[in-house]
1. Please pick out the residue among Tyr249, Tyr276 that is more than 11 Å from the ligand (Cβ to nearest atom) and either buried (at least 19 other Cβ atoms within 10 Å of the Cβ) or outside any helix (DSSP H, G or I) (or both).
2. Sort out which residues of segment 255-265 are over 19 Å from Lys396 (Cβ atoms) and either open to solvent by 20 Å² or more (accessible area, probe 1.4 Å) or in a strand (DSSP E or B) (or both), and write them in order of number.
3. Which residues, counting only those in segment 295-351, are in a loop (DSSP other than H, G, I, E, B), of a type in the set (Ser, Thr, Tyr) and open to solvent by less than 30 Å² (accessible area, probe 1.4 Å)?
4. Out of the residues in segment 157-204 that are at pLDDT below 95 and buried (at least 19 other Cβ atoms within 10 Å of the Cβ), which is nearest to Leu309 (Cα to Cα)?
5. Of the conditions (1) part of a helix (DSSP H, G or I); (2) under 15 Å from Leu371 (Cα atoms), Leu446 fails just one. Which one is it?
6. Could you list all residues from segment 30-61 that are charged (D, E, K, R), within 29 Å of Glu142 (Cα to Cα) and either within 9 Å of the ligand (Cβ to nearest atom) or open to solvent by 10 Å² or more (accessible area, probe 1.4 Å) (or both)?
7. Which is touching a Phe, Trp or Tyr at 6+ places or on another chain (Cβ under 9 Å) and open to solvent by less than 30 Å² (accessible area, probe 1.4 Å), of Thr18, Thr106, Thr99, Thr85?
8. Please verify whether segment 113-134 includes one or more residues that are modelled with pLDDT of 95 or more, surrounded by 17 or more Cβ atoms within 10 Å (Cβ to Cβ), closer than 30 Å to Gly323 by Cβ and of a type in the set (S, T, N, Q).
Amino acid sequence: MKNTSQPNQSKNKFYVTTPIYYINDVPHIGHAYSTIAADTLARYYRSKLGKDNVLFVTGTDENSQKSVDAAKKVGKSVQDYTDDTAQKWQSIFDSLNITYNRFIRTTDKDHTKTVQDILQKVYDNGDIYKGVYEGLYCVGHEAFMKEDDLVDGLCPDHKKAPEHIKEENWFFRLSKYQDRLKHYILDNPDFIRPQSRRNEVLSFIDKGLEDFSISRETQDWGIRLPFDDSQVAYVWFDALLNYVTAAGYGTEAFSKWWPADLHIVGKDIIKFHCIYWPAMLWSAGLELPHQVFAHGFFTNDGEKISKSLGNAIDPVGLVQKYGNDVLRYYLLREITFGSDGDFSLQRFGEVYNSDLANNLGNLVSRLSTMLIKYNNAEYNEVKVKPRYEYEDDITKLKFHTCLAELFSWLDSLNGAIEENKPWELFKTDAAKTVEVLSAITSELLLIAKYLEPFLPESSKKIQAVFDNGKVVSSEVLFPKFD
Ligand code: MSP
């Protein structure tokens, strides 16, 4: 039994993914959350393994009924609509400083080929058969639902009555994998994290897995089945396969990148990632990813974020005002990764002032000002014994602990300035003053290095202020806001 709770890196590489996003909406804070978390890990592993050994993939999920409906609403062809909106998503992720290696679109040519190849493999394996589906389909979830899932006849998440459909379509033999999947999850306690989600998946399996429909007869938009071109692939079957397409399925690169080390997903989509996905991979003869980590959901001032409530928080507006690092800090420090959390603008402002402006920003400006004043802008970089090593926590996705520890260390450096009072010490002992300021600056520089995956822009700015024994620029890292 393996129990590391760290994504496995047996091949000395790291492949991390986010969910691919539906494009009938603009990115909100929840979408930014999965992506910022994955970006943080990608940056960390690049510094550890080298940039060529990290693959970080995000993108858009376009072959859905939602795309068709949204295009119709604005009077565009589905292709034009998806081209425009995918472009918007990508440029928003660029403006959020997301260092993805590939932005995959499920309309990309290589992805269509992957889906068709794998469908054929699964079909040849005897895991796909024809049947009649009669039941309920929720476009919001892009999933079939049961009467028991509804509240007052409506989907409880989307507050809409699902469509009743009857189609002859193709089914995947999920039931065949029930026992194997249960044992796999029991034998690999870190395959699904956190523990609460693992338990949820296990109890879902215990209720019995039913085969699911993997094609749509009445939809035109999508990837045609290789063995029946009158039907298109069910959007989830298609979307999950983005992870193997992006790993270079069918090329030499695939053996380097697959299996993925980590899929970061929201808790709403664990059934697809922890039940459908492993069975699909087994059927296609592929290895399972090392870990699926499900994070929690945000509310906005205590309210569920939804399009209909119109309370989605726009991450771009926030970063334009405060900067990218502030959003990253808030999301990763305020909410334990894996638990639900709340986004409040008031709290955002408080955290900005107390942690970023008054703690980190203040330390940088005090140190640079005093070095300029008391030692001709010079310091001696000394070897620092780290008070905290973040390796273990960051690889276990304990972002919140990493930042709490690093900021408490920064706090103690501000404390050391107060204690030593360089402005008084200088009057009696100039050499000691330089020693104290140099020691604190050296610790700050080490923390700045550790902060790079979390706060890349600030880390770079700090390292630009203190360069090789000299204060070379002055920079207000976090200006005060009211
Ligand atoms: N397209 C599918 C995923 C396919 S992956 C092979 C999908 N897309 S989505 O756009 O609806 O949502 C994607 C993810 O956005 C969610 O799983 C979750 O990670 C994130 N979030 C959406 N709303 C959120 C919150 N309110 N809070 C936190 N994350 C949320 O599902």
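The values are calculated or read from the model by the stated rules, or taken from the named source; none is laboratory data. The model shown is predicted, which means the values in this text are computed figures rather than measured ones. Cβ sites come from the backbone with ideal geometry, for glycine too, and all protein chains shown count toward neighbours. The area values use the complete protein model at the heavy-atom level, side chains included, leaving out ligands, DNA and RNA. Shrake-Rupley method; radii C 1.70, N 1.55, O 1.52, S 1.80 Å.
1. Result of the check over Tyr249, Tyr276: Tyr249.
2. Scanning segment 255-265 gives Ser255, Lys256, Trp257.
3. Of the residues in segment 295-351, the ones in a loop (DSSP other than H, G, I, E, B) are 296-297, 301-302, 305-314, 323, 335-340, 344.
Now narrow it down to the ones that are of a type in the set (Ser, Thr, Tyr): 306, 308, 336, 339, 344.
Within segment 295-351, Ser306, Ser344 meet the criteria.
4. Pro162
5. Going through the list (1) part of a helix (DSSP H, G or I); (2) under 15 Å from Leu371 (Cα atoms), Leu446 breaks only (2).
6. At the first step, the residues of segment 30-61 found to be charged (D, E, K, R) are 39, 43, 46, 48, 51-52, 61.
Next, from what is left, pick out any that are within 29 Å of Glu142 (Cα to Cα): 39, 61.
Within segment 30-61, Asp61 is the sole residue that qualifies.
7. Answer to the check: Thr18.
8. No, the conditions are met nowhere in segment 113-134.
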